[in-house]
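Just so you know, all these numbers are worked out from the coordinates, no wet-lab data involved. All of these numbers come straight from a predicted model, not from anything done at the bench. Because the Cβ atoms are built from the backbone with ideal geometry, glycine has one as well, and the counts that use them run over all protein chains shown.
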Amino acid sequence: MKKMRFAGVVESRSSLPQIGGPPGESDVLALNPERQQGILAATGWSTLYPGTLNLGVTDDVVHRLLLYKTIYAEDGFNIRYPEKYAYIPLKRIGYLYYSATISKEKDTEQVPILLRRACNPLNNRVEEFAERQLRQALDIQDGNVVYCTVG
């Protein structure tokens with residue numbers, strides 16, 4: 001299958017703690033150790049950075065991911081969130097994970113990532129997991145454009 005390449009804009013998570021929103025991925029990982037175990041098994045990584053990088057993308061990117069084989073998937077019924085936010089994984093139905101790479105510029109060093117989209121996704125958002133903090137590893141901040149490759 002042909003590789004899918006796309007650009008994404010680095011964004012802060014939509015639920016910053018100071019505004020009282022849902023927990024971030026590091027909190028969700030702590031409640032779901034099987035998620036970390038599953039990701040490590042699927043990727044072969046020895047470590048997982050406890051957080052994700054959010055990318056704003058065009059709607060078609062989120063939908064075209066369905067053409068690619070997932071390497072890990074989660075059912076929304078089995079994901080734990082704090083009680084106040086327990087509806088979130090059910091609303092998202094579950095999550096699909098794809099092997100991918102990310103780079104700061106086109107045709108530069110590719111960092112392996114695990115790209116995630118929800119089954120019932122936000123139309124313009126994907127998230128990336130990695131072995132290390134991607135903001136630091138790629139020297140990126142909100143508003144920067146990065147390049148991903150799937151497949």
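The helix-only estimate of mean residue ellipticity at 222 nm for the chain, built from DSSP H runs of length n ≥ 4 each weighted as -39500 (n - 2.57), is -6000 deg cm²/dmol after division by the residue total. When we measure straight from the Cα of Lys106, which lysines land under 22 angstrom away, once same-chain ones fewer than 8 places off are left out? Counting by Cα, and skipping residues close in sequence, Lys106 has these lysines nearby: Lys2, Lys3. Less than 5 angstrom separates the built amide H of Arg125 from those of Val57, all sequence-distant by 5 or more or on a different chain.
Each Lys and Arg adds +1 at its Cβ and each Asp and Glu adds -1 at its Cβ; summed about the Cα centre, the stretch 4-150 shows a dipole of about 260 debye. Measuring nothing but how far apart in sequence close Cα pairs (under 8 Å, 6+ apart) lie, relative to its length, the stretch 16-151 scores a relative contact order of 27 percent. Couplings 3J(HN,Hα) for the stretch 89-99, derived from phi with the Karplus relation 6.51 cos²θ - 1.76 cosθ + 1.60 (θ = phi - 60°), are x, 6, 5, 7, 6, x, 9, 10, 10, 10, 6 Hz, where x marks Gly and Pro. Projected label points at Leu31 and Ser12, each 7 Å from Cα along the beta carbon direction, are separated by 2.2 nanometres.
Couplings 3J(HN,Hα) of the stretch 37-46, computed from phi: 4, x, 5, 4, 5, 5, 9, x, 6, 8 Hz, in residue order, whole Hz [Karplus 6.51 cos²θ - 1.76 cosθ + 1.60, θ = phi - 60°; x for Gly and Pro]. Exposed loop sites were defined as trypsin sites (Lys or Arg not before Pro) in DSSP loop states (anything but H, G, I, E or B) carrying at most 11 other C-beta atoms within 10 Å; in the chain the longest segment without such a site runs 4-68.
When the Cα convex hull of the stretch 4-150 is projected onto planes of every orientation, the mean area is 8.3 nm².
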